[in-house]
1. Given the residues Val111, Val124, Val91, which is the only one that is without any contact (Cβ under 8 Å) to a residue 40 or more places away in the chain and open to solvent by less than 50 Å² (accessible area, probe 1.4 Å)?
2. Out of region 90-140, which residues are among the small types (Gly, Ala, Ser) and closer than 19 Å to Ile73 by Cα?
3. Scan region 34-48 for residues that are open to solvent by 30 Å² or more (accessible area, probe 1.4 Å) and under 14 Å from Val17 (Cβ atoms) and jot them down.
4. Just give me the residues in region 197-241 being part of a helix (DSSP H, G or I) and over 21 Å from Thr84 (Cβ atoms), in sequence order.
5. Pick out, from region 39-158, the helices (runs of 4 or more DSSP H) lying fully within it that include 2 or more residues that are at pLDDT 85 or above.
Amino acid sequence: FFKHSSAKIRSHAIACVNQFIISRTQALMLHIDSFIENLFFLASDEDPEVRKNVCRALVMLVEVRMDRLIPHINNIVEYMLMRTQDPDDTVALEACEFWLSLAEQPICREVLGPHIERLIPVLVRGMKYSEIDIILLRGDVEEDDTIPDKESDIKPRFHKSKTHQVSKSPSEEQVDGEDFDDEDVDDDDALSDWNLRKCSAAALDVLANVFHDMLLPILLPILKETLFHRDWEIKESGILVLGAIAE
């Protein structure tokens with residue numbers, strides 16, 4: 001079906017099937033190998049929506065059926081490296097989520113070790129403000145440059161993947177009879193603000209806690225270049241790198 005349908009139908013079909021991954025629907029689990037095989041067939045589809053949904057499926061499969069991905073993991077890592085640099089930002093963002101999910105797996109260090117020297121520069125490049133980010137920043141300055149900042153505007157924000165925000169039940173949202181207030185999760189803007197820059201920073205953060213000092217020989221030359229770069233947006237990305245690996 002995937003092979004002989006239009007791009008729009010292919011994209012919607014994968015999106016529909018993706019809904020059954022997290023819930024571990026038995027019908028899909030019984031045919032998971034066939035599903036993965038067809039994902040590979042669509043991996044280089046010309047339509048960005050198809051590529052985005054392929055990446056989303058692989059990210060969810062890491063969390064649900066990592067065991068079925070292991071035989072193909074090197075090819076999947078290579079594919080996600082390529083898609084994290086996709087010219088379409090929505091595809092790149094979905095692919096970048098993969099590194100966040102993989103970092104939570106016990107096998108992460110073993111799987112990513114041979115690829116880490118190529119992955120880290122890709123993440124650092126993704127941490128630079130995009131043209132759209134800069135336009136939005138300039139718009140914000142022009143609109144409220146005379147208005148004092150609120151405390152919520154200037155407090156540190158922790159990077160958090162939109163796919164890693166687990167909704168809590170009412171009982172879980174109360175601790176010792178008091179309402180639980182998760183300061184890491186902002187209002188609805190938290191999802192709309194999630195972009196490739198923040199996802200790349202979050203991925204570098206979690207990977208630094210997996211690989212520790214192993215990252216320094218890779219990052220130090222990059223930091224020397226970025227922190228002293230003449231372009232402010234590249235210099236700023238270097239500062240963001242420091243913040244991501246500080247802990």
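The values are calculated or read from the model by the stated rules, or taken from the named source; none is laboratory data. Bear in mind the structure is a predicted one, so any value in this text is a computation, not a measurement. Note that we place each Cβ from the backbone using ideal geometry, even for glycine, and neighbour counts take in every protein chain shown. These area figures cover heavy atoms from the full protein model, side chains too; ligands, DNA and RNA do not enter into them. Shrake-Rupley method; radii C 1.70, N 1.55, O 1.52, S 1.80 Å.
1. Residue meeting the stated conditions: Val111.
2. Ala92, Ala95, Ser101, Ala103, Gly113 - these are the residues of region 90-140 that are among the small types (Gly, Ala, Ser) and closer than 19 Å to Ile73 by Cα.
3. Start the filter on region 34-48 by keeping residues that are open to solvent by 30 Å² or more (accessible area, probe 1.4 Å), which leaves 34, 37-38, 40-41, 44, 46-48.
Across region 34-48, the qualifying residues are Ser34, Glu37, Asn38, Phe41.
4. Residues satisfying the conditions are His212, Asp213, Leu216, Pro217, Leu220, Lys224, Leu227, Trp232, Lys235, Ile239.
5. Values: elements: 48-64, 66-69, 73-83, 89-103, 108-112, 116-126, 131-144, 151-154.
Those helices (runs of 4 or more DSSP H) span 48-64, 66-69, 73-83, 89-103, 108-112, 116-126.
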